[in-house]
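Readers should treat all values here as calculations from the given coordinates under stated rules, not as data from a laboratory. Quantities reported herein were computed from a predicted structural model and do not represent experimental measurements. Cβ sites come from the backbone with ideal geometry, for glycine too, and all protein chains shown count toward neighbours.
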Amino acid sequence: MFYQAVRKRRGRDLVTSVEAALDKWERVRRTHPVAVIEILDSDVYVEQLAIELHRGESVEIRRRPIARARSSTCWISSATPPMR
């Protein structure tokens, strides 16, 4: 499994955007088809993401629970519906 932590402020082994985490996973996805991307802070991340998964792959984008956070809702929307 591939794991990447995300936080707006740089830190050891951290990236500052979900897109950067997905880019890192892209380089290892053949050997690590399951990815977990965890947001460590309570900042807002506004990014346009396009993720195409192949059979056997999965990506989980989650936020670590933070005591002072008002909501743990993650909004993901698509400008165009997925093709079937």
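Quick notes on this one:
- For beta carbons closer than 9 Å, sequence separation of 6+ or different chains, a first residue in region 32-45 that is among the polar types (S, T, N, Q) and a second that is assigned to a strand (DSSP E or B), the qualifying pairs are 42/63.
- Residue that is farthest from the chain's Cα centre (by Cα), among those in region 12-23 that are part of a loop (DSSP other than H, G, I, E, B) and surrounded by 11 or more Cβ atoms within 10 Å (Cβ to Cβ): 16
- Across region 24-60, the number of residues qualifying as over 18 Å from residue 7 (Cα atoms), loosely packed, with under 10 Cβ neighbours inside 10 Å and of a type in the set (S, T, N, Q) comes to 1.
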